[in-house]
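Please read the structure below before turning to the comments.
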Amino acid sequence: MLCIPICAQTTEAAVALMEQASPLADCLELRIDRIKDCNLEQLMQKKSPGTGILVTNRSAAEGGGFPGSERERIALLKQAVALGADLVDIEASTEKPLLKELQAQIEKHGRRTRWICSSHDLKGTPSEGALQKRFDACRRTGADLVKICTYARETADNLRVLGLIPFARKKGRGIIAFCMGEKGR
C-alpha cells in the first residue's frame, strides 16, 4: 500500500497536494497538525474514489505540530471519524480517557473508520525486546493497526524495526514499521 503524507500550511495548499497525489496513492495521510487553518470538512470533501484518507493530528511530544490542548487534538480526530475518514492515527501515549472517547466515536459511526495506535521514538531505536513490548502495548489498546516508528542512528536499526513485521503477523495484527532520519531512508 502506498500512503502519501499531505503536509501543508493551509487547507487550500493541502487540497492542491491532495489533487496531485490522489492518482498515485492508495491512501493520503492528512497531517492536520501541520495545517494552521485546518478545515477538515473541506479536506474530506476532496476525497477521491478509491483513495483512502488517514487523518493524523500528531502531538508535539511525538514530533507533531498541533498547538492546542490534548482535548482539542482528540476532538479533531473525532470529527474526522464523523466525516468518514478511513483511518485515524492516535499515539499510545494519549491519556486513556481521551483514547476511550475516540474509540467510542468510532463505535458510534459503525466502525467504518479503522484506527492506528502509534509509538514514535525521536531519539533512537530500542532493543528488539523493547520494540516488541511497545508493539504489545499498542496492540492491547484494541487498535486495528499498530505503527512503530523510531529514529535510525545506524543502518542496522532499520532491520530491528522491520523485524516487528513477522512478530506482528504471528500475533495476527497489521503493522506499520519504519525508521526516520537519514539512516532510516
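The values are calculated or read from the model by the stated rules, or taken from the named source; none is laboratory data. Keep in mind that this is a model prediction, so the values were computed, not measured. A quick note on method: Cβ atoms are made from the backbone with ideal geometry, for glycine too, and the neighbour counts reach across all protein chains shown. In case anyone asks, the SASA skips ligands and DNA or RNA and just uses the protein heavy atoms, side chains included. Shrake-Rupley method; radii C 1.70, N 1.55, O 1.52, S 1.80 Å.
A few comments on the model shown:
- Where no second cysteine Cβ lies under 4.7 Å, the cysteines concerned in the chain: C7, C38, C149, C179
- Carbon-plus-sulfur accessible fraction, the chain (probe radius 1.4 Å, protein heavy atoms only): 51%.
- When the trypsin sites (Lys or Arg not before Pro) in region 31-97 are filtered for DSSP coil states and for at most 13 other beta-carbon atoms within 10 Å of their beta-carbon, the remaining sites are K36.
- Taking the helices alone, the chain has a mean residue ellipticity at 222 nm of -11000 deg cm²/dmol, built from -39,500 (n - 2.57) per DSSP H run of at least 4 residues and averaged over all its residues.
- Of the GluC sites (Glu not before Pro) in region 70-121, those whose Cβ has at most 13 other Cβ within 10 Å and which sit in DSSP loop: E95
- Over the chain, relative contact order from alpha-carbon pairs under 8 Å, at least 6 apart, %: 14 percent
- Derived scalar couplings ³J(HN,Hα) [region 150-167; Karplus, 6.51 cos²θ - 1.76 cosθ + 1.60; whole Hz; x for Gly, Pro]: 10, 9, 7, 8, 9, 4, 4, 4, 4, 5, 5, 5, 5, x, 6, 5, x, 4
- Here the convex hull built on the C-alpha positions of region 62-150 has a volume of 89 cubic angstrom per residue.
- Within region 29-71: backbone nitrogen closer than 12 Å to the T10 label point (7 Å, Cα to C-beta): 36-38
- Residues of region 48-185: accessible area per residue with a 1.4 Å probe, Å²: 49 Å²
- For region 30-110, radius of gyration divided by Kirkwood radius, i.e. Rg to Rh on alpha-carbons: 0.94
- Gain on full stretching of the segment that runs from Q20 to A82 - 0.36 nm per residue minus C-alpha separation: 19.8 nm
- Normalised convex hull volume, the chain, alpha-carbon set, Å³ per residue: 116 Å³
- The length gained by stretching the chain between K183 and I165 to full extension, at 0.36 nm per residue less their Cα-Cα distance, is 4.5 nm.
- Taking L102, L162 and ordering them by how much accessible surface each has at a 1.4 Å probe, largest first, produces L162, L102.
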